[in-house]
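Structure first, commentary second.
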2 protein chains.
Amino acid sequence: MGIGNVSERRLAPPQVGVSVVILALGEDSTGRSRLWLPLVRRVRQPFLGAWALPGGGLTANRSLEQSAYAALESTTTLHPRYLEQLYTFGDLGRSHGGLPMVSIVYWALVGTAEAKDFVEADNVRWFPENDLPELAFDHKAIIDYALWRLRTRIAYPDVAARLVGETFTLSQLHDVVEAVTGEPVDLANFRRRILASGELEDTGVKQRVGNHRPAAVYRYVAAASTSWNPYDWLKADEGRTDGEHPDTTGTIPGPDPPPASVDDDPMSALAR
Amino acid sequence: MGIGNVSERRLAPPQVGVSVVILALGEDSTGRSRLWLPLVRRVRQPFLGAWALPGGGLTANRSLEQSAYAALESTTTLHPRYLEQLYTFGDLGRSHGGLPMVSIVYWALVGTAEAKDFVEADNVRWFPENDLPELAFDHKAIIDYALWRLRTRIAYPDVAARLVGETFTLSQLHDVVEAVTGEPVDLANFRRRILASGELEDTGVKQRVGNHRPAAVYRYVAAASTSWNPYDWLKADEGRTDGEHPDTTGTIPGPDPPPASVDDDPMSALAR
DNA sequence: TCAAAAGTGTTCAGCATACACCCATGT
DNA sequence: ACATGGGTGTATGCTGAACACTTTTGA
């Protein structure tokens, strides 16, 4: 049924890679706040010379997340404040008629790049989200999806906070949210909602930007388990005395379940 | 740094597979409504004889989602009403010191199996969620994660509706939600909230279960874009006249962007 | 004292909760 | 008539939206 003969098949094991959509705030030529992201220029066919998401193949002794970090470090020295698995792409349109080409895509938020701490090499350049070049593969679609995820999550304090610096005023945070959504947000209500989340801590420092009242400077402090990462979730689960679901009301401690993460061999998991 | 010599490395290309957590409603021995899921018995080392999630390797001309459907069909002839990518697992604990073992996991909801339409072969068996056998690899943790996802989403009408049959009464839907969460839910408010979503359609049929007033029978009708699947999302995006983000207000149609999904070569995406 | 941004108060609408109540049906 | 589950009404409280208002600062 498959296209390609046996020798081709042998030469083409599953093509699996990790890519990262890295997002940071910056200003466009008019001074308006925009999302920027680094792209790398391809030095091989196909799409030679086109721009693409940073990424790489899987390597030994490196988890998927570590591979994502490696891709991050290849394009920026900014410390990522947020890294989350986005989606794994593997539809038929990406393959060459053989095994599917699989891209495990992460998205990352890095702090505002006021220091322009960019690796502006020949083959790496930052682009504003609204003025992207022609992109290789389906990377344009992947970026659009990552931007959509950001826009649907920007209302959460942790996401917004990680797009600005270590510390920030509520006005700065508010500006970020408005820049990302493109919609005006009532500052008074924003302030109350964010503070009510309990995820911001007043540093006691005041900061002035103009000839007017100085603003309180806040710091983000992680709330209990807002993570969507299953590993974080599993880790929390392991802390319990039994293997039951957090929502169940069972309280009788049982023997410890086996370690959650052990070896796997998914290729042979299906008994036939 | 890596363990294993070159020949081992050559014999072990990236191990990538697709697994599925398939969930259906059934009753336990006491008649209580429970979630059941099918497992397959391993016929190979490691974990020979242990139970594991249905799954398989990637094959030519089959997308990830199609591989998930294939795994589904190997254990049940029930038609899946819901199939969504859950997460891609690939931490170091799953590998044997070499390339990471990657499992792209989907979760599926199938209708209540009143017909016991189970493939109860020797190597396939359904288990209630609260009485699972010893599981291979980290599959117990993956199942726990899928159950958590279900419990956090069960409040949405589409998820609950897809756990019951094609048509159902509001009481039946309500029972499902209570069975999954384990919490009592006020029926009157549940009814209003669900109907207010506009995702249920009255079939006009009435159904009686006891010696009392018959209940209205409803059918689920998909609302506009509640999908978390990026491909659904991208498809909607392609319907637009330009390549801009749905939230932007730009209205000037430009030339059609190139097709969103084309070939990919993630292994060489990183230019060095 | 004025402008400008920081920060607070107040009203209103919507929606979920809790729970009392009425309705339809077979025995 | 009555038991049983289907279905509705209603008071209460919380939360976000809208927007008027007060406070703090430098010039």
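The values are calculated or read from the model by the stated rules, or taken from the named source; none is laboratory data. If you're wondering where the values come from, they're calculated on a predicted model, not measured in any experiment. When we count neighbours, we look across all protein chains shown, and the Cβ atoms used for this are built from the backbone with ideal geometry, even at glycine. Remember, those area values only see protein heavy atoms, side chains included, never the ligands or the DNA or RNA. Shrake-Rupley method; radii C 1.70, N 1.55, O 1.52, S 1.80 Å.
Worth pointing out:
- Remark: spin-label model distance residue B:130-residue B:206 equals 3.6 nm, labels positioned 7 Å along the Cα→Cβ axis.
- Close amide-amide hydrogen proximity is noted between residue A:34 and A:26, A:27, A:28, each under 5 Å apart and 5 or more residues distant or on a separate chain (H modeled in the peptide plane; Pro and chain starts excluded).
- Euclidean distance of C-alpha centroids, segment B:122-190 and segment A:147-202, integer Å: 34 Å
- Threshold 50 Å², segment B:52-77 residues less accessible with all protein chains present than alone (1.4 Å probe): B:58, B:60, B:61, B:64
- Ordering of B:149-160, B:188-199, B:203-214 by burial proxy (mean other Cβ atoms within 10 Å per residue, highest first): B:149-160, B:188-199, B:203-214
- Buried accessible area, chains A and B (both chains, 1.4 Å probe, Å² to nearest 100): 7900 Å²
- Point-to-point label distance, residue B:171-residue A:166, nm (Cα→Cβ direction, 7 Å offset): 6.2 nm
- Nearest-first distances (nm) between copies at residue B:33, label 7 Å from Cα via Cβ: 4.7
- Sulfur and carbon atoms: percent of accessible area, segment B:13-153 [1.4 Å]: 47 percent
- Using the average count of surrounding beta-carbon atoms within 10 Å as a protection proxy, the listed peptides B:135-142, A:163-170, A:39-46 rank, highest first, as B:135-142, A:163-170, A:39-46.
- Shape call, segment B:13-153: gyration tensor on alpha carbons, a/c limit 1.5: prolate
- Residues of segment B:142-183 buried by at least 40 Å² on assembly (accessible area, 1.4 Å probe, chain alone as reference): B:144, B:145, B:148, B:151
- Working note: Karplus 6.51/-1.76/1.60 with θ = phi - 60° gives segment A:69-82 the couplings 4, 4, 5, 4, 5, 6, 10, 7, 9, 5, 7, x, 9, 7 Hz, where Gly and Pro are set to x.
- Modelled FRET efficiency - R0 45 Å, residue A:61 with residue B:122, Cβ distances, 0.05 increments: 0.75
- Here residue B:206 yields copy-to-copy label distances, from shortest upward, of 7.2 nm, the label point defined as 7 Å from Cα along Cα to C-beta.
- For the segment B:100-106, counting C-beta atoms of other chains within 10 Å of every residue's C-beta and taking the mean gives 6.
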